[in-house]
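Student: Here you go, one structure.
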Amino acid sequence: MGAELGKYKSCVSARSTDKELLKCAQDGGIVSSLFAFALDEGIIDGAIVAATKEFAAKNPSKVIIDSTNFDMIEPWRPIPAIVNTKAELLAAAGTKYNISPNVALLKEATRSFGLDKVGIVGTPCQMQAVRKAQLYPIGMRDVGASIALAVGIFCMENFPYQSILQLVEDHAAMKLESVKKMEIGKGKFWVYGKRGQVVQLPLKVTHKYEQPGCHVCLDYVANLGDISTGSVGSPDGWSTVFVRSKIGDSVWAKAMAAGVFETQPIEKVKPGLELVSKLANEKITKNKATLEARKTFGVGKALRNPYI
Amino acid sequence: MADKITLGYTHLSGCTGCTVALADNYAGLLTLLDKYVDLKYMPTLADARHVQKVDVSFVEGSVCINDKLAVEELKETREKSTIVVALGGCACYGNITRFSRGGQQNQPAHEAYLPIGDLIKVDVYIPGCAPTPQMIRNVAVMAYLLLKGTKEQKDLATAFLTPLMKLTEKTEACFCELMTQVINQGLCMGCGTCVAACPVNAITMEYGKPNGERDLCIKCGACYSQCPRSWFSFDVVENYEAINEAIMAALQ
Ligand SMILES: Cc1cc2nc3c(=O)[nH]c(=O)nc-3n(C[C@H](O)[C@H](O)[C@H](O)COP(=O)(O)OP(=O)(O)OC[C@H]3O[C@@H](n4cnc5c(N)ncnc54)[C@H](O)[C@@H]3O)c2cc1C
Ligand code: SF4
Ligand code: SF4
Ligand code: SF4
């Protein structure tokens, strides 16, 4: 186990001690609990999360209204939002398996939303965007120093909204509005209905619906988050947590001292880091092969490689 | 004085927004001038205004090819500087001056403006309208390390500046770069960074991909340069914490 897991100071299996929060969370409620704690402690004064259109319609001051058609009902379509309370965090908890451009709010968070200490959750690529913005703040005036807590979530791939629509409504034969939860795990795409029905799709069905931009992605476990988390490696209902930066270390220590999480040593849980490492390596190897293939994609013509 | 780098500032057809952005480093600017940089000439912030021999020159503004003096000043800047930095969207890409049709008092015949890279070789770009104080600061510190640092610091500065050097291969930018170099190339993953970077809010996300209001775009190049899929250096960005700390420590 090496570079594929990124740099980290500590790694544990963890779960929120807040039972109410866990009901809304995807896995161990790490992201929502961390932000709720950071809001209470004044570590952040708002967090950028992936809310829904329903949330946006009810809380127009928490989102940026662009040309999105809010009259059209689109369940499970994420809308980036800036939230300031636990109730709002819970309304935005849970994974939406389609693109939520959270970084789009990063600058505005420090402008019309008036935040001095911004929290942001995002996929590994979004953490890359955040760190590039801090080192090369080309169009991000006064943003870098305002980023107080960046929480990364593991990510194998993401989907356009229309892909999720097609997967759930055509392949799983369920209405999107009747879905309670979606999950990718144990080699399957799971769709849980509000009435208790469960449909599973093999990942070979979902692959062709993936966002193509994900196929050059070389980060599985959000190497650049202050803290990063995902379900893989830990038992059901628990999360694997990497504490990576000085900021992450300090926030995690305070949250632990305040009893926000219960933890187990990662070495003691099944399937443990070995599986995280295996999946990370699989993703990186596959996508490095894609990058290689792009070099000879045409006849003497390459596709562009973003990595220098 | 001996271990400072010398800096010049050539001001062509720019709105002084870049100058203001530099000044907006406040105490950081004073520390820069105190410890690292000897400002040799600059129309607004120094007594000397004419181009001199320097290690690094910043050029603000595009160059009007109908303005003999401006063209001469730009060429002289190139001859007398080791490193030329195009500061801001106008110097890099023409930016808002691309829309000029001339006819303005008191020089109605001044109508044709070019990014400076169309007339001289440029070494480093700092895009954006306006460029940000923090980006100017970071490049200034890195330029210092490149010229005066230890072997290790030189390596870091080279790695940091390389993408900004590569940007100089092009003198055109607009929202279209996101289409042609990112989306059309199958690289966009919908992070939304471009939306945040645009100074005129010309970009919105439509179902996870950026959509540009092309009539609003002023051609500053910020969206493309800020996009993590335009260029991304693992060597540099993975060390973000140490580099940020080093820059902040240098400015103490
Ligand atoms: C596209 C995608 C793919 C993933 N793939 C994996 C994987 O392969 N392996 C793995 O272990 N984990 C994966 N995860 C992470 C996992 O599903 C959980 O999000 C993570 O474990 C956090 O759970 P939690 O209970 O701590 O968070 P919660 O308390 O439920 O909070 C989740 C937070 O994430 C935000 N969020 C939801 N959807 C998105 C989105 N699309 N983009 C950005 N932010 C969002 C929510 O707004 C909320 O703030 C993936 C997540 C996404 C979004
Ligand atoms: S696979 Fe990579 S590019 Fe795609 S959403 Fe996940 S982190 Fe982003
Ligand atoms: S910044 Fe780049 S990758 Fe991110 S949404 Fe914009 S074009 Fe796509
Ligand atoms: S879309 Fe915005 S950021 Fe991009 S070049 Fe145009 S004005 Fe600049």
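Student: Any idea of A:T52's accessible area? Nearest 10 Å², probe 1.4 Å.
Tutor: 30
Student: Quick one: order A:S61, A:S100 from most to least accessible surface, probe 1.4 Å.
Tutor: Details: A:S61 90, A:S100 15 Å².
Sorted descending by solvent-accessible area, the residues read A:S61, A:S100.
Student: Evaluate the range B:176-226: find the radius of gyration of its Cα atoms, find its Kirkwood radius, and give the ratio Rg to Rh. Before the final figure, lay out the partial values.
Tutor: On the way: Rg = 9.7 Å, Rh = 10.7 Å.
Reported Rg/Rh, Kirkwood definition of Rh: 0.91.
Student: Return the equivalent ellipsoid semi-axes of the protein assembly as shown as a descending list in whole Å, where each equals the square root of 5 times an eigenvalue of the C-alpha gyration tensor.
Tutor: Gyration-tensor ellipsoid for the protein assembly as shown: 44, 25, 22 Å.
Student: If you don't mind, there's one more thing I want to ask. Which whole number gives the average count of other chain Cβ atoms within 10 Å of the Cβ atoms across peptide A:296-305?
Tutor: That average works out to 2.
Student: In the range B:87-138, carbon and sulfur make up what percent of the accessible area (probe 1.4 Å)?
Tutor: Details: 1020 of 2090 Å².
Exposed carbon and sulfur together represent 49 percent of the surface.
Student: Can you list the residues of the range B:211-252 with backbone N under 16 Å from a point 7 Å past the Cα of B:T162, pointing along Cα to Cβ?
Tutor: Once the point is set 7 Å along Cα→Cβ of B:T162, B:230-240 turn out to lie under 16 Å by backbone N, inside the range B:211-252.
Student: Could you work out how far the C-alpha centroid of the range A:193-252 sits from that of the range A:66-135, in angstrom?
Tutor: So the two Cα centres are separated by 17 Å.
Student: Could you check the simple spin-label distance between A:F70 and B:K35, using points 7 Å along Cα→Cβ, in nm with one decimal?
Tutor: 4.8
Student: Ok, one more. I'd like the FRET efficiency for A:H171 and B:D215, computed as 1/(1 + (r/R0)^6) with the beta carbon distance as r and R0 of 60 Å, rounded to 0.05. Before the final figure, lay out each step's value.
Tutor: Working: r = 40 Å, r/R0 = 0.67.
For A:H171 and B:D215, the calculated efficiency is 0.90.
Student: Given N residues in the range A:1-142, what is its alpha carbon radius of gyration divided by 2.2 N^0.38 Å?
Tutor: Compactness ratio reported: 1.08.
Student: Then there's this: Measure of size requested: the Rg and Dmax of the range A:62-117, with Cα atoms as the atom set and Å as the unit; please supply both.
Tutor: Spelled out, the Cα radius of gyration and Dmax of the range A:62-117 are 12.1, 34 Å.
Student: So how much slack lies between B:E152 and B:T44, counting 0.36 nm per residue of separation and subtracting their Cα-Cα distance, in nm?
Tutor: 35.4 nm
Student: With the alpha-carbon atoms as the only input, what is the per residue convex hull volume for the range B:163-252 in Å³?
Tutor: So the per-residue hull volume is 126 Å³.
Student: Please report the projected area of the range A:9-75's Cα convex hull averaged over all directions, in nm².
Tutor: Value for the range A:9-75: 6.6 nm².
Student: In whole percent, what relative contact order does chain B give with Cα contacts below 8 Å and a gap of six or more residues?
Tutor: Contact order relative to length: 18 percent.
Student: If I ignore ligands, DNA and RNA and count only protein heavy atoms, how much of A:D116 is accessible to a 1.4 Å probe, in Å² to the nearest 10?
Tutor: Accessible area of A:D116: about 110 Å².
Student: Right, next: Pairs of alpha-carbon atoms within less than 8 angstrom and 6+ residues apart define the contacts here; what relative contact order does the range B:176-226 have, in percent?
Tutor: 36 percent.
Student: May I ask you to work out the translational diffusion coefficient for the range A:124-248 at 10 °C, viscosity 1.306 mPa s, via Stokes-Einstein with Rh from the Kirkwood sum over Cα pairs, reported in whole µm²/s?
Tutor: For the chosen part, D equals 96 µm²/s.
Student: Here's another thing I want to ask about it. Taking a ≥ b ≥ c as the square roots of the eigenvalues of the Cα gyration tensor of the range A:159-209, is the shape rounded (a/c under 1.5), prolate (a/b larger than b/c) or oblate?
Tutor: oblate
Student: I'd like the interface area for chains A and B: accessible area of each alone minus the complex, both sides summed, 1.4 Å probe, protein heavy atoms only. What is it in Å² to the nearest 100?
Tutor: 4800
Student: Could I ask something else about it? Once label points are set 7 Å from the Cα along Cα→Cβ at both B:A246 and B:N66, what is their separation, rounded to one decimal in nm?
Tutor: Between B:A246 and B:N66, the label points sit 4.7 nm apart.
Student: Next question, about the same structure. Run the reach check for A:K9 against aspartates and glutamates, Cα to Cα strictly under 17 Å, same-chain hits fewer than 8 apart removed. What comes back?
Tutor: The qualifying aspartates and glutamates are A:D226, A:D249, A:E267, B:E238, B:E241.
Student: Just read off the accessible area of B:S233 with the full protein assembly in place, 1.4 Å probe, to the nearest 10 Å².
Tutor: Surface accessible to solvent at B:S233 totals approximately 10 Å².
Student: Between A:H207 and B:C176, how high is the FRET efficiency from 1/(1 + (r/R0)^6) when r is the Cβ-Cβ distance and R₀ = 35 Å? Nearest 0.05.
Tutor: 0.70
Student: Given contacts defined as C-alpha pairs under 8 Å and at least six residues apart, what's the relative contact order of chain A, whole-number percent?
Tutor: Relative contact order, chain A: 23 percent.
Student: What distance in nm lies between label points placed 7 Å from Cα along the C-beta direction at A:Y192 and A:Q162?
Tutor: Reported label-point gap for A:Y192 and A:Q162 is 3.0 nm.
Student: Quick one: grab Rg to one decimal and Dmax as a whole number for the range B:5-171, Cα atoms only, in Å.
Tutor: Taking only Cα atoms of the range B:5-171, I get Rg and Dmax of 15.3, 52 Å.
Student: May I pose another question? On each of the three principal axes of the Cα atoms of the range A:113-173, give max minus min coordinate, whole Å, ordered largest first.
Tutor: Here the Cα extents, ordered largest to smallest, are 47, 23, 21 Å.
Student: Calculate, in nm to one decimal, what A:K278 and A:D236 gain on full extension: separation in residues at 0.36 nm each, minus their alpha carbon distance. Spell out each step's value before the answer.
Tutor: Working: separation 42, 0.36 × 42 = 15.12 nm, distance 1.85 nm.
Contour length minus the Cα-Cα distance gives 13.3 nm.
Student: Residue by residue through A:100-110, how many Cβ atoms from other chains fall within 10 Å of the Cβ on average?
Tutor: Details: counts 5, 14, 5, 11, 13, 3, 6, 7, 3, 1, 1.
That works out to 6 on average.
Student: Could you order A:I284, A:I73 by accessible surface area, starting with the largest, using a probe radius of 1.4 Å?
Tutor: Heavy-atom accessible area, descending, gives A:I73, A:I284.
Student: Something else: Which semi-axes, in whole Å and largest first, does the equivalent ellipsoid of the range A:164-308 have when worked out from the alpha carbon gyration tensor as the square roots of 5 times its eigenvalues?
Tutor: 30, 26, 14
Student: Sort B:R214, A:R131, B:R137 from largest to smallest accessible area, using a 1.4 Å probe on the heavy atoms of the protein chains.
Tutor: My answer, sorted largest first, is B:R214, B:R137, A:R131.
Student: Name the residues of the range B:216-252, by number, that are at least 30 Å² less accessible with every protein chain in place than in the isolated chain; the surface is that of heavy atoms, probe 1.4 Å, without ligands or nucleic acids.
Tutor: B:Q226, B:P228, B:R229, B:W231, B:F232, B:F234, B:V237, B:E238, B:Y240, B:E241, B:N244, B:E245
Student: Which of rounded, prolate, oblate describes chain A, given a ≥ b ≥ c as roots of the alpha-carbon gyration tensor eigenvalues and a/c under 1.5 marking rounded, otherwise prolate only if a/b is larger than b/c?
Tutor: Here chain A falls in the rounded category.
Student: Translational diffusion coefficient of the range B:90-134 at 10 °C, 1.306 mPa s, Stokes-Einstein with Kirkwood Rh over Cα pairs, in µm²/s as a whole number.
Tutor: After rounding, the answer is 134 µm²/s.
The values are calculated or read from the model by the stated rules, or taken from the named source; none is laboratory data. For clarity, every value in this text was computed on a predicted model and none was experimentally measured. Positions of Cβ are backbone-derived with ideal geometry, glycine not excepted, and every protein chain shown enters the neighbour counts. Protein only, heavy atoms only, side chains kept; ligands, DNA and RNA dropped before computing areas. Shrake-Rupley method; radii C 1.70, N 1.55, O 1.52, S 1.80 Å.
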